[in-house]
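Heads up, the thing below is written out as structure tokens.
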Amino acid sequence: MSVLLVALLVVPLLGAAALLVPGPLGRVAVRFGLTVSGAVFAVAVAAASAFDYSDAGTIQGTVDFAWIPWLGVRFHLGIDGISLPLVVLTALLTLLCLIYLAGHEPERARELVFALLVLELGMIGTFLSLDLLLFFVFFEVVLIPMYFVIAGWGGEGRRRAAYKFILYTLLGSAVLLVGLLYVWAQTGTLDMVRLAAEHPMSRSAQILAFVAIGLGLAVKTPMWPLHTWLPDAHTEAPTVGSVLLAGVLLKMGTYGFARVAIPVLPEGAAAVAPWLGALAVVGIVYGALACLAQRDLKRLIAYSSVGHMGFVLLGFATLTPVGINAALYGNVAHGLITGLLFFLVGAVKERYRTSDLDQLGSGLLGRLPYVGSLLTFACVASLGLPGLAGFWGEMLALQGAYEPAAGLSRPLFVTFMVIGGLGAVLTAAYFLVMLSRLTHGPWGGPGPSIHDATRVELTAWVPLVVLILVFGVWPSALLGLTTPAVQTLLGVP
Amino acid sequence: MIVSLIVVLPFAGAVLGLLLSRHPHGRDPAGNLAANKRAGLFGVVPTALSAGLTGWLVWENTPSTNVLTVIDTGGVAITVGLEVAELSVLTAMLVGVVALAVQVYSVGYMRGEIRYPSFSAFISLFTSAMLLVVFAADLMVLYVGWEIMGLCSYLLVGHWWEERANSRAAIKAFLVTRLGDVGFLFGIFVLGFAAGSFRISDVLAADIPTPTLVLATLLLLAGVAGKSAQVPLHTWLPDAMAGPTPISALIHAATMVAAGIFVVARLYVLFPQPTLDVLGVVAAIGMLGAALAAFAQNDLKRVLAYSTISQLAYMAAALAGGARDAAVFHLVTHGAFKALLFLCAGAVIHHVGSNLLHHMGGLRRAMPVTFWTMTVGYAALIGLPPASGFFSKDAVLYGLERSDSPIQLLLYGSALLTVGVTGAYATRAWLMTFFGTGKIQALPEPVPGTAHVFDGREAPATMLWPMGILAVPALLLGFTDAGEFHLAPAVTALVVALLGVAFVYVIWRGSPERDPARLLGAFRDPCEQAFYVDRLYAAVLVRPVLALARGVVRTDDEVVDGAVRGSGRATVGLSGLTRHLQNGNAQLYVTGVLAGVLLIAVGAVVLG
Amino acid sequence: MHVVYPAVVAALLFSIGVYGVLARRNTILVLMSVELMLNAVNLNLIAFDVWLRDALHSGQVLTLFVIVIAAAEVGIGLAIVLAVFRTRRAIELDRLRDLGEP
């Protein structure tokens, strides 16, 4: 198992390094990338099957050796019920992105595939690392390739969007680093497992550290009001960039809450939780209202991510097993659903050269039936319809807010629950209004050169559809993994 | 086991229909026809099997529970299971029969339509969801089915999505019910946490303090009001008539709208008096208001839609008055006769090519079967013996008369008045459709939202058979409960109903070419606009929310992002200030060095 | 005599040198003021060397170092002044601002 975890990091690294060597590999870069990401996915699936599901609360496959001995930084990897779904999700989304690229050959393919492989390394590393500074290193590794993906292959405003993305998230990371170093200074150790088990910091130190770490993670999540980098970054990024940005990078922020902030700093979390909850529900309603008035499809989905991450943060803020389960479920569901949404919108944009709703016209269900039906499916999943994956994240978060952890103000959280519920109605409103504008309405007959979904595209999209359905009707598949881990995390017997 | 089959069979039909429907259709008409036939099979056969199995359950009549698994969420556990109880089986029978009738009817109604396969698949999905609601053993499972029904309603009302109005109607249907559903979900939370479990049997048996019950049931009422189109969440139903008539029959007459009443009946022991009073007031207002609105409508389907709101309010009033069994009885009979009325209306619309009453007239000779079946339906609606509606209305009125609710007088008075107005609007619709001179104009192409153009004949057999079959229960269901017949309220109701009928008949007879509703005079417009509730909502809810949305986008760009951009500009500005220190004058630099050295020296001396 | 007397004289000379460096515009005068500062330092070094009766005479040795370095520095400084004069015809220190921000 430890070998598998190391392989998960080494394979993308070697793949990226191989692309650096000038030679014939550049011409078949996309196919090479497909092989490498397929291998990573296979390793991830192998790790999932080697995982001991009856013991999902304990860290498995530990790799632990000294990395920078004189600093006390160790190379500590491990996987448990919280990180396993995210690792598999990352490997799957990267593979699907490369399948998509195989059908839409990009220019400067070698550079793009290199960036994607380094991105994959960073993303998987974040989810596997159990040492605070190692976590931070991998957290940062993803910023540079994503900057290049946006700046190099993006839309018209890509320069500005890429600058804003990297500077804003870098600022957040700087604050995060301060928090992590403060924890190190106070406790003398960087090991997440030890810190989660022992909680050696005093209450005021914990609050300070939680605010610093929380701010840093909040920029990544993104939490209102630190979200403004997201719409521009998503709108200007190419399709694969948006999918990975929304599907995985946002999860790194919330994963940080689940892995670092809450287990290591429980009293800090309890003190800051009302603020977290308040900002989360503001994000839900704000994101929904902003979506109602959007004209650009990708921007609309970007703001919808702010709303969904609001539900995830609300789940975290309740500090109950059901709330954190909701947050983790919502994470995975959002990754699948928004990944699919960005794939579909990217397909539309690529065919019509625009994602502006006014210019796209109406009647997409007639012009592109498969794309239109899948878009309807993805939007319905995103608004949290029961039977599809998005429902469990939202419903369980609201349930957690109904009865938050002891010590948190119940009336406050019930207010959050009500506002969150209204936000859910607004979510349904904007998705349906968008669908009505785009997919319904008159259409003039099929255009000559616009073709419906190709086989390659369907190969990239169908796994997501299937997983959304599976996690919708069989929630225990994911809850069985996360519940023991969450109970360990919260110290609940 | 059988219960699981009953729920899963239509779902399987839906999945097969969606996957194997050869969608999008190609240019080949023979292939399209084959795909439609296949879809028809996938639609009809599982529904028929499901209805048959339900019939067997009715025969067997033993309660049972089937638990598949328990989902541990870390909070209150959710039991995935199905439960067979008498109420459930009865409602399921209604659902099964109406669904089967609608599936067969659709084969004729949607003949040649290229999107028929997805249509029948969504109807199957809807049937499966409704059966899930009916048989759910757990409140969360019920909620899942509840919301999926809402989705199917959206997909089916928006079936002819090329027309913007249909798309808007579908959105309205989904959003208004979703608003109610949020309250419903919160009510489920309150009940689940109070009882420690979401299982319905646990909740019903748990000892929950009354204030909690009042809160929980009021929240549940929000969802009930949404799904069953009660005031104030009733505005979606008349607009949902934009969908094809078969689904108006299934979803908006017999099943989905009945789901709200079903839930109240199922959880009836939990409902304390304050909540029932609220329900009663809502019902009383809705009954009479909707009946008056039905009287003034020009569109046949809208007449029937407002009639549905009114009749559902009738059932709600019965529940509020404590007459649960009467409410359920009326639920079943209403399901039968309203579905029948809608199917017949579909046949009429199919024939005439328009929904509007003033395009119809004198059809009783052109469409005899439709005429007789629709007459049976109207008779049941008005409450004329021997149709089933007579008996169920009698049961409701009897229950209301003897109720010990604090608002008993309001309920009973409102119900009685409604009986009269019901007689009036039903007679008006009947007369304007089937009597008088024919006004059929051969329209060159169908009005958007209708299936076919006038072809001057009676409807095809696939449409007539379901109508005929539904006419049987509409006529005869009353006799199943014949033991509980009460003469006095029955006669009162009959007299009031006949007054309404006679009134309209006399007016009509006076000038058969004119609309009897003109008698309302200035009051007609408010009635037709359903007392401007729609406009009120648009002004108070819709427009402010959209304005708020635009405001949020502006705020996000100017204030929030402005702060971010402003921080960048502030940094650049600050550096613009500090760079002036570097002015090239070496003497200034040396002065700085001197000052620094002085400070350090003083510091070293003072601080030791 | 007491060390105070040469120390005060050295301080006065140093101050005059500082004034010259900071306030005079002519670059040659600035260089001369730098020389004045260095010689004040020399005076200080020798006075303290005598007062502390240093066995190694480190003060006097350091003074010799300073004299040599001052001579080298003045040579280079005057060469720079000559080069500047040749190109710009002006040696006012406050006019030579090419390395400043515009």
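Just a few scattered comments:
- Residue in region B:572-588 that is farthest from A:Tyr163 (Cα to Cα), counting only those that are within 10 Å of another protein chain (Cβ to nearest Cβ) and open to solvent by 60 Å² or more (accessible area, probe 1.4 Å): B:Leu588
- Against the list (1) surrounded by fewer than 24 Cβ atoms within 10 Å (Cβ to Cβ); (2) of a type outside the set (A, V, I, L, M, F, W, C); (3) closer than 29 Å to A:Ala102 by Cα; (4) more than 12 Å from chain B (Cβ to nearest Cβ), the condition A:Gly366 fails is (4).
Conditions (1) touching a Phe, Trp or Tyr at 6+ places or on another chain (Cβ under 8 Å); (2) buried (at least 18 other Cβ atoms within 10 Å of the Cβ), marked per residue:
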{"residue": "A:Leu116", "(1), (2)": "no, yes"}
{"residue": "A:Gly125", "(1), (2)": "yes, yes"}
{"residue": "A:Asp131", "(1), (2)": "yes, yes"}
{"residue": "A:Leu134", "(1), (2)": "yes, yes"}
{"residue": "A:Tyr147", "(1), (2)": "yes, yes"}
{"residue": "A:Gly157", "(1), (2)": "no, no"}
{"residue": "A:Phe165", "(1), (2)": "yes, yes"}
{"residue": "A:Ala197", "(1), (2)": "no, no"}
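Residue-wise test of (1) open to solvent by 30 Å² or more (accessible area, probe 1.4 Å); (2) away from every other protein chain (no Cβ under 11 Å); (3) in contact (Cβ under 8 Å) with a residue 12 or more places away in the chain.
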| position | (1), (2), (3) |
| --- | --- |
| B:Leu132 | yes, no, yes |
| B:Ala136 | no, yes, yes |
| B:Cys152 | no, no, yes |
| B:Val190 | no, no, yes |
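Per-residue answers, yes or no, for (1) out of contact with any strand residue (DSSP E or B) (no Cβ under 7 Å at 6 or more places or on another chain); (2) within 15 Å of A:Ala326 (Cα to Cα); (3) within 12 Å of chain B (Cβ to nearest Cβ):
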site: A:Leu408; (1), (2), (3): yes, no, no
site: A:Val414; (1), (2), (3): yes, no, yes
site: A:Ile419; (1), (2), (3): yes, no, yes
site: A:Ser476; (1), (2), (3): no, yes, yes
site: A:Gly480; (1), (2), (3): yes, yes, yes
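Matching residues to (1) within 19 Å of A:Tyr182 (Cα to Cα); (2) open to solvent by less than 20 Å² (accessible area, probe 1.4 Å); (3) within 14 Å of chain B (Cβ to nearest Cβ):
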position: A:Gly256; (1), (2), (3): yes, yes, no
position: A:Val264; (1), (2), (3): yes, yes, no
position: A:Leu279; (1), (2), (3): no, no, yes
position: A:Ile284; (1), (2), (3): no, yes, yes
position: A:Leu289; (1), (2), (3): no, yes, yes
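- Restricted to region B:102-124, and to residues there that are open to solvent by 30 Å² or more (accessible area, probe 1.4 Å) and over 19 Å from B:Leu341 (Cβ atoms), the residue that is nearest to the chain's Cα centre (by Cα) is B:Phe122.
- Residue match in region A:204-227 (condition: among the hydroxyl-bearing types (Ser, Thr, Tyr) and more than 27 Å from A:Pro266 (Cβ to Cβ)): no
Every residue, every condition in (1) aromatic (Phe, Trp, Tyr); (2) touching a helix residue (DSSP H, G or I) at 6+ places or on another chain (Cβ under 7 Å); (3) within 13 Å of chain B (Cβ to nearest Cβ); (4) surrounded by fewer than 24 Cβ atoms within 10 Å (Cβ to Cβ), yes or no:
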residue: A:Ile324; (1), (2), (3), (4): no, yes, yes, no
residue: A:Asn331; (1), (2), (3), (4): no, yes, no, no
residue: A:Thr338; (1), (2), (3), (4): no, yes, no, no
residue: A:Phe342; (1), (2), (3), (4): yes, yes, no, no
residue: A:Arg353; (1), (2), (3), (4): no, no, no, yes
residue: A:Cys379; (1), (2), (3), (4): no, yes, yes, no
residue: A:Gly384; (1), (2), (3), (4): no, yes, yes, no
residue: A:Gly387; (1), (2), (3), (4): no, yes, yes, yes
residue: A:Gly400; (1), (2), (3), (4): no, yes, yes, no
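- Selection count, region A:220-244, where residues are among the hydrophobic types (A, V, I, L, M, F, W, C) and open to solvent by 10 Å² or more (accessible area, probe 1.4 Å): 3
Quick grid of which residues meet (1) of a type outside the set (A, V, I, L, M); (2) buried (at least 18 other Cβ atoms within 10 Å of the Cβ):
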site	(1), (2)
C:Met1	no, no
C:Ala10	no, yes
C:Ile16	no, no
C:Val21	no, yes
C:Asn26	yes, no
C:Met32	no, no
C:Glu35	yes, no
C:Asn44	yes, yes
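- Unmet requirement for A:Glu105, which otherwise passes all of (1) open to solvent by 10 Å² or more (accessible area, probe 1.4 Å); (2) out of contact with any strand residue (DSSP E or B) (no Cβ under 9 Å at 6 or more places or on another chain); (3) within 28 Å of A:Tyr168 (Cα to Cα): (3)
- Test: residue in region B:197-217 that is closer than 30 Å to B:Ala51 by Cα, outside any helix (DSSP H, G or I) and touching a helix residue (DSSP H, G or I) at 6+ places or on another chain (Cβ under 8 Å): yes
- Beta carbons closer than 6 Å, at least 6 apart along the sequence or on distinct chains, pair a first residue in region A:308-331 that is within 14 Å of A:Phe413 (Cα to Cα) with a second that is part of a helix (DSSP H, G or I) and of a type in the set (D, E, K, R) for A:Phe311/A:Glu394.
- Only one of A:Leu479, A:Leu422 that is among the hydrophobic types (A, V, I, L, M, F, W, C) and touching a Phe, Trp or Tyr at 6+ places or on another chain (Cβ under 9 Å): A:Leu479
The values are calculated or read from the model by the stated rules, or taken from the named source; none is laboratory data. Here the structure is a predicted model, which is why all the values come from computation and not from measurement. Methodologically, a virtual Cβ is constructed for each residue, glycine included, from the backbone with ideal geometry; neighbour enumeration extends over all protein chains shown. Side chains included, ligands, DNA and RNA excluded: accessible areas come from the protein's heavy atoms. Shrake-Rupley method; radii C 1.70, N 1.55, O 1.52, S 1.80 Å.
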